[in-house]
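K.L.:
One structure coming up, written as structure tokens, with questions to follow.
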Amino acid sequence: MNRILSLLLAVMLAGAALTGCAPKKEPFPAASMPDASTPSFPETPVDTEQTPPEAPDAPHTAPEWQTAYLTLLEDLIRQHGRSTVDADSYITTSGVKHARLLDFNGDGVRELVVVIDRTVQLYTLHDQQPKRLFEGEIGCRLGQTDVSYHFLLNAQSDPISLILYHSTDEWNEDAITVISMNEKGGIKQRELLARSSLRQDLPSLDNLNECYIDGTLVTKEEYLALRGQLLEGAMELEPDFGTYPVTPDELTAQLQFLRTSTPADYLLPDSDCRIVTDEELAALNARQLRLARNEIYARYGRIFTAPDLKAYFSEQPWYQPRCTPETMEEAGLELLNRYELANIERLKQAEDSGTAPAAEPLTEAQAKAIAVAYWDFVEGSLDEATGSLKAISSDGTVSDHGQQFWSFQLRRMKDNTHWTTMERIYVNAQTGLVSNTTKA
């Protein structure tokens, strides 16, 4: 036994000597090795860059609105409990199911949408205190017994709106309430109701022949035109079935954001509720423009495979990876609001213009974080295939064609005394691009 312990200690000391530091816990979530050359939506396939933003002089504290909404959410959870998803039926239990922040009327102040049991509540801030603007039931009866509790959120409409289905017999009735806010912070409510004189076995808009908009009888053509306009681009949320983004993880992420996030943690703290200015764009260097663009996706928990993005966002206290690239792509643009869509476009244009200031070269620690994210393993860990020790070593910098690269080797312990190089990579000190060669 003593011989085995001595051997393990020797192996770990050898790994520490190779890397210049003791083995440490990897700060990145485990996953398969990413293909750095072909990252998926919404990352840019090339031009992978990483650097933390300059720390501002402002105190690292949460804004008053954030504290107010956190207090409200925690009170609601204490009062109603927190929903969970049944492992067999995938149906959520009663309680607080979902929370999301959005600027509903474009005044730069976020509103809070909360789903509790079978109701949706909308809050705004008045004198830095939450004020409930609306509470309405969600749920449509399908056939004789089944009830669905989904609703829609249209984050792209102007103004942003909630779309609540509440038919008592959805197969033979179309009953929708649409909630939005005006510029003064008041609620605007529209009521759509249509019935079919024919008994239907499945929902069908074709058979609707008695249509009302805000209580006024209209033609079916007028009704369907407005209905389509209000629902265009809306994302369906199903609190009962755990589909993205209404899951327990989404509520956890929102609480995490409210508890830990501060403006100092973001390159563009308000890119989700206002259009960034030309002056703000001009203040960002080429690397920061890419990070700021992907910061919008990171708020939704998008899991990154590009090493620079993975390394950077894994270090942010508000970031919770929970949405695969495939899920994000499936949700599409319906997930993002109109400010986010506009800012993504503006940031991408600034990136592509080539006029942004060059970023400062990466430090060795920053470059190593990217290398660890690329290989995605714990420094000094055991190779699952062979049982031998693996570690990263740095060979410093090399220059080629006027560019500087940080060189790293992934090595495996051989014969308990010697190391063999499994792979060598180069991290471009200017852009953060990972490659197996210094050649362009």
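The values are calculated or read from the model by the stated rules, or taken from the named source; none is laboratory data. Only a predicted model underlies this, so the values are computations on that prediction, with no experimental measurement involved. Every residue, glycine among them, receives a Cβ derived from its backbone with ideal geometry; neighbour counts consider all protein chains shown. Surface accessibility is based on the protein's heavy atoms, side chains included, excluding ligands, DNA and RNA. Shrake-Rupley method; radii C 1.70, N 1.55, O 1.52, S 1.80 Å.
K.L.:
Over the Cα atoms of the range 187-320, what is the Rg over Rh ratio if Rh follows Kirkwood? Let's see the in-between values first.
P.N.:
Numbers: Rg = 22.0 Å, Rh = 19.1 Å.
Checking Rg against Rh, the ratio lands at 1.16.
K.L.:
If you don't mind, there's one more thing I want to ask. Collect residues whose amide H, placed 1.01 Å from N in the peptide plane, falls under 5 Å from the amide H of residue 235; neighbours closer than 5 in sequence don't count.
P.N.:
For residue 235, whose amide H was placed from the backbone, the distant partners under 5 Å are 153, 154, 155.
K.L.:
Separate question: Can you tell me the FRET efficiency between residue 141 and residue 315 if r is taken as the Cβ-Cβ distance and R0 is 60 Å, rounded to the nearest 0.05?
P.N.:
Efficiency, from the Cβ-Cβ distance: 0.80.
K.L.:
If you split all Cα-Cα distances of the range 334-422 into 10 Å bins from zero, what percentages do you get per bin, shortest first?
P.N.:
Answer for the range 334-422: a P(r) of 13, 28, 24, 19, 13, 2 percent.
K.L.:
Moving on. What is the set of long-range amide H partners of residue 84 at a cut-off below 5 Å, with H atoms built 1.01 Å from backbone N?
P.N.:
93
K.L.:
Right, another one. Hey, what's the range 162-316 come to in accessible area per residue, 1.4 Å probe, Å²?
P.N.:
On the way: 6470 Å² over 155 residues.
Here the residues of the range 162-316 average 42 Å² of exposed surface.
K.L.:
Taking amide H atoms as placed 1.01 Å from N in the peptide plane, list the residues 5 or more away in sequence, or in a different chain, whose amide H sits under 5 Å from that of residue 138.
P.N.:
When sequence neighbours closer than 5 places are left aside, the close amide H contacts are 119, 120.
K.L.:
So how do 259, 110, 78, 274 rank on accessible area, 1.4 Å probe, biggest first, that is with the largest at the start?
P.N.:
From most accessible down to least: 78, 259, 274, 110.
K.L.:
Between residue 64 and residue 358, take the C-beta separation as r, use R0 = 25 Å, and let me know the FRET efficiency to the nearest 0.05.
P.N.:
Numbers: r = 38 Å, r/R0 = 1.51.
For R0 = 25 Å, the calculated efficiency reads 0.10.
K.L.:
Follow-up. Among 334-345, 217-228, what's the highest-first ranking by average C-beta atoms within 10 angstrom per residue?
P.N.:
Numbers: 334-345: 18.8, 217-228: 14.2.
The peptides rank, most packed first, as 334-345, 217-228.
K.L.:
Relative to a virtual label point 7 Å from the Cα of residue 256 in the Cα→beta-carbon direction, which members of the range 275-315 show backbone nitrogen distances below 15 Å?
P.N.:
297-304, 310-315
K.L.:
How do 365-373, 429-437 rank on mean C-beta neighbours within 10 Å, highest first?
P.N.:
On the way: 365-373: 22.4, 429-437: 19.0.
Going by the mean number of other Cβ atoms within 10 Å, highest first, we get 365-373, 429-437.
K.L.:
Calculate, in nm to one decimal, what residue 75 and residue 416 gain on full extension: separation in residues at 0.36 nm each, minus their alpha carbon distance.
P.N.:
Numbers: separation 341, 0.36 × 341 = 122.76 nm, distance 5.71 nm.
Length gained, residue 75 through residue 416: 117.1 nm.
K.L.:
I need the shape label for the range 374-427. Rule: rounded when a/c is under 1.5, else prolate if a/b > b/c, else oblate, with a, b, c from the alpha carbon gyration tensor.
P.N.:
Cα axes put the range 374-427 in the prolate bin.
K.L.:
Please arrange 150, 401 by accessible surface area, largest first, computed with a 1.4 Å probe and ligands excluded. It would help to have the intermediate numbers written out before the result.
P.N.:
Numbers: 150 25, 401 155 Å².
The ordering from most to least exposed comes out as 401, 150.
K.L.:
For the residue pair residue 218 and residue 395, what label-to-label distance in nm results when each label sits 7 Å from Cα along the Cα-to-beta-carbon direction?
P.N.:
That separation, rounded to one decimal, is 7.0 nm.
K.L.:
Then there is this: With a 1.4 Å probe and every protein chain kept in, tell me what percent of the accessible surface of the range 263-339 is carbon plus sulfur.
P.N.:
C and S fraction of accessible area: 52 percent.
K.L.:
Once the piece of chain linking residue 388 and residue 264 is laid out straight, how much longer is it, given 0.36 nm per residue of separation minus the C-alpha distance between them? Kindly include the intermediate steps, with their values, before the conclusion.
P.N.:
Values: separation 124, 0.36 × 124 = 44.64 nm, distance 4.17 nm.
Result for the pair: 40.5 nm of gain on full extension.
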